[in-house]
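Worksheet: one structure, shown below.
The values are calculated or read from the model by the stated rules, or taken from the named source; none is laboratory data. What you see is a predicted model, and the numbers here were worked out from it, not measured in a lab. Positions of Cβ are generated from backbone atoms using ideal geometry, with glycine treated the same way; all protein chains shown enter the neighbour counts. We work out accessible area using only protein heavy atoms, side chains counted, and drop any ligands, DNA or RNA first. Shrake-Rupley method; radii C 1.70, N 1.55, O 1.52, S 1.80 Å.
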Amino acid sequence: MQIKSNYPLKNITTLQIGGLAKKFVSINSVDELKEAVQYANTNNLNHLVIGGGSNLLVSDDGVDMLIIKNEIGGIASQGLTLQVKSGTILQDLVNYSISHGLSGLQKLTGIPGTLGGAVYGNAGAYGQTISDHITEVVFYDGQHIATLSKDQCGFNYRDSGFKRNHNIILEVTFQLEKADSDILAKETAEILSKRLVKYPKGIKCPGSFFKNIVTDTLPQEILQKIPKEAVVYGKLPAGYLLESVGAKGQQLDGIEIAPYHANLFVNKGSGSATAFYDLAKKYADLVKQKFGILLEPEVQLINLPKI
Ligand SMILES: Cc1cc2nc3c(=O)[nH]c(=O)nc-3n(C[C@H](O)[C@H](O)[C@H](O)COP(=O)(O)OP(=O)(O)OC[C@H]3O[C@@H](n4cnc5c(N)ncnc54)[C@H](O)[C@@H]3O)c2cc1C
């Protein structure tokens, strides 16, 4: 385990933006994780565990903390049950489940990052979420390792209790369903080709920036302003609201809102976190003015004010 100083976080975020981490370490085992946490405590540093950096907007000023990149991988299976280490690349898990004829994760194909990051944000796509088939999560609270049942994890739309308790996700157990590998593979191939349209290869972005809005949470007077056909899977897409205030194709200092999707903010190469933040805030404010709806980032803002 090698702790590095002044590590450029733009090197490990899919957005390719982010200032320096005071300290940075990659870990491959729980023992290394404990050692890293101990190092942070001894040196009076806060620490943050990250995975693939695919859901992060990190300040240009960087962070005065120890960033711990989780690379603890591994999948063990017994029948329909999978026990998976949190640093496993999500796509590797999806591929494993498909080749073993297990259904329940296949629609998550194409989502970058690790299992730990996916559980933290309850990642999902095409009506499936990572939590659907979870039975247990093992975590580390900085002192002890313990297990939570699914009900204790506080999963909700793009949300989990881990966003508030800051426990480190170590291992996840899934109970999947038997299925035909060929059918699963066909399903994922179709999804991947659709995803490539929104996320062409090499795109520098953190996925969709704002969360969609669960329509049940909206007051009637706001819902009345929204055409029924705009609602998808019980959610009002943030992209619909952003498009309505003219966000599509807008640019600021190297950051562009995709001309084909108003909730996709892309680094064109020279963008900064400041430009990204300012552009996102501008259109979130316009949505608030027009619809009275507060958009909430799905992406985790690191060392940046709340939008
Ligand atoms: C091209 C593209 C497409 C995307 N499509 C989708 C999509 O369809 N659906 C979707 O939901 N998301 C999507 N995303 C967003 C992102 O890929 C997911 O949120 C992903 O699950 C994040 O995983 P990560 O390992 O990269 O997390 P990171 O970005 O590294 O971290 C995200 C958060 O999780 C926390 N975290 C990470 N690991 C742990 C751990 N072990 N314990 C505790 N906390 C942890 C971090 O502290 C951070 O707060 C997309 C992103 C990109 C770039």
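Things worth noting here:
- Residues whose placed amide H lies under 5 Å from that of Ile50, excluding near-sequence neighbours: Ile68, Lys69, Asn70
- Sequentially through segment 136-148, phi angles give Karplus couplings (6.51, -1.76, 1.60; θ = phi - 60°) of 8, 10, 9, 9, 10, 9, x, 10, 10, 9, 8, 10, 10 Hz, Gly and Pro residues having no value and appearing as x.
- Integer Hz, Karplus 6.51/-1.76/1.60 couplings in order for segment 225-233, x for Gly and Pro: 7, 10, x, 4, 5, 6, 7, 10, 6
- Projected label distance in nm at Asn28 and Asn46, using a 7 Å step from Cα toward the beta-carbon: 3.0
- q = 0.07, 0.10 Å⁻¹, the chain: log10 I(q)/I(0) [Debye, one scatterer per Cα]: -0.28, -0.58
- Within the listed set Thr215, Thr274, Thr14, the Gaussian network model of the chain (springs between alpha-carbon atoms below 10 Å) gives the highest mean-square fluctuation for Thr215.
- Stretched out straight at 0.36 nm per residue, the stretch from Asp216 to Gln83 would grow longer than its current Cα-Cα span by 44.5 nm.
- Average Cα contact separation per residue, the chain, under 8 Å, 6 or more apart, as relative contact order %: 17
- Simple spin-label estimate for Thr147 and Gln16 in nanometres, 7 Å along Cα-Cβ: 4.4
- DSSP-defined antiparallel bridges as percent of all bridges, the chain, nearest 5: 75
- In the context of the full set of protein chains, the chain has a per residue accessible area of 47 Å² (1.4 Å probe).
- Lys/Arg +1, Asp/Glu -1 at C-beta; segment 208-302 dipole; positive extreme among Ile257, Ala247, Gly269: Ala247
- With a simple spin-label model that places each label point 7 Å from the Cα along the Cα-to-Cβ direction, the separation between Lys290 and Lys306 comes to 2.5 nm.
- Accessible area, probe 1.4 Å, largest first, for residues Val299, Val30: Val30, Val299
- As a fraction of the 1.4 Å probe accessible area of the chain, surface on carbon and sulfur atoms comes out at 48 percent.
- For segment 101-150, the relative contact order works out to 29 percent when only alpha carbon pairs closer than 8 Å and six or more residues apart are counted.
- Here the Karplus curve 6.51 cos²θ - 1.76 cosθ + 1.60, taken at θ = phi - 60°, turns the phi angles of segment 270-281 into couplings of 10, x, 10, 5, 4, 5, 4, 4, 5, 5, 5, 5 Hz, with x standing for Gly and Pro.
- Put simply, the amide H of Gly161, placed in the peptide plane, has neighbours under 5 Å in Gly154, Phe155, leaving out anything fewer than 5 places away on its chain.
- Reach of Lys290 by Cα under 24 Å, taken over lysines that are not fewer than 8 positions away in the same chain: Lys211, Lys225, Lys228, Lys235, Lys248, Lys281, Lys282, Lys306
- Amide N of segment 41-57 lying under 20 Å from the label point, which is placed 7 angstrom from the Cα of Glu35 along Cα→Cβ: 41-51
- Taking amide H atoms as placed 1.01 Å from N in the peptide plane, the amide H of Val58 lies under 5 Å from those of Ile302, each 5 or more residues away in sequence or on another chain.
- Annotation note: chymotrypsin sites (Phe, Trp or Tyr not before Pro) in segment 240-307 located in DSSP loop regions with a Cβ neighbour count of at most 16 within 10 Å are Tyr260.
- Mean residue ellipticity (222 nm) of the chain, computed from DSSP H runs ≥ 4 via -39,500 (n - 2.57), nearest 500: -8000 deg cm²/dmol
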